[in-house]
Amino acid sequence: MTKVGLYAISKSTTLESNKSLDVNLVTMFITHPHSTISTVADLKGKRFAFGARGSVEAGLLAHHFLQQMGIYPGQDLALATFCEERQPPNADSQRDVVARIVSGEYDAGAVSSTALARMYEAGIVTPESVRVFWTSPGYSHCCFTAHSDTDRELSRQITQVFVSMHYDDPLGKIALEAEGCKAFVPRVTAGWEVLEAVAEEEGLL
């Protein structure tokens with residue numbers, strides 16, 4: 001969480017357009033293109049696929065968002081599973097969600113906007129294969145942090161090193177691609193509220 005450290009650094013795919021991986025991330029609920037599901041309320045009695053149990057965007061928060069809107073997976077859904085509970089499990093849990101919806105095994109599921117965009121870009125799935133019927137509010141996802149007693153000048157210098165990396169620089173590109181992004185941005189203090197609340201509910205904080 002950002003509150004832990006003096007400085008935090010998040011990832012952005014394209015700094016100029018503010019399209020980001022870990023800032024303003026959203027969870028999406030998807031279904032078949034011709035499904036009768038058009039709202040979250042329509043999920044009652046349906047089969048729903050979450051991502052990995054440890055996935056913030058497609059597991060933890062997806063489960064929370066459903067309950068927040070009055071859908072309790074254990075009571076209201078015909079079937080609700082996390083990736084680890086499905087056979088055979090896929091190492092890419094959000095790709096697994098999409099594949100099982102496309103095959104018809106599940107009626108709907110949860111993915112992040114960035115995961116779905118990557119699958120479109122890689123040709124793993126086409127935009128015509130699934131339909132998004134609900135999108136969450138944006139939230140901050142993850143970042144690099146420092147201990148609260150870290151020297152402020154050292155923290156500033158480390159932050160500067162991160163944000164000064166450029167994708168058009170060969171060495172910078174190597175470091176950025178290792179993190180799956182195009183740039184690092186300085187810390188943000190907003191967007192952590194829902195994640196912090198859910199973590200407290202689950203006893204993770």
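Rule-based calculations on the coordinates, nothing more; no lab input. Bear in mind the structure is a predicted one, so any value in this text is a computation, not a measurement. Every residue, glycine among them, receives a Cβ derived from its backbone with ideal geometry; neighbour counts consider all protein chains shown.
Taking packing as the residue-averaged number of other Cβ atoms within 10 angstrom, the listed peptides 24-36, 68-80 run from highest to lowest as 24-36, 68-80. The distance between label points at residue 175 and residue 153 comes to 2.1 nm (points 7 Å beyond Cα on the Cα→Cβ vector). Approximating the spin labels as points 7 Å out from Cα along Cα→Cβ, the residue 124-to-residue 38 distance works out to 3.0 nm. Under the Karplus relation 6.51 cos²θ - 1.76 cosθ + 1.60, θ = phi - 60°, what is the ordered set of whole-Hz ³J(HN,Hα) values for the range 65-80, x standing for Gly and Pro? Couplings: 4, 4, 5, 4, 9, x, 10, 9, x, x, 10, 9, 9, 5, 7, 9 Hz. Report, in whole Å, the centroid distance computed from the Cα atoms of the range 135-187 and the range 28-48. Here the two parts' Cα centres lie 37 Å apart.
Evaluating 6.51 cos²θ - 1.76 cosθ + 1.60 at θ = phi - 60° for every residue in the range 128-140, the Karplus couplings come out as 7, 7, 9, 10, 7, 10, 7, 10, 6, x, x, 8, 7 Hz, glycine and proline recorded as x. If both residues of a DSSP beta bridge must be in the range 27-135, then about 65% of such bridges are antiparallel. The GluC sites (Glu not before Pro) of the range 69-107 that DSSP puts in a loop, and whose beta carbon has at most 14 other beta carbons within 10 Å, are 105. Summary value for the range 27-135: 44 percent relative contact order, contacts being C-alpha pairs under 8 angstrom separated by 6+ residues.
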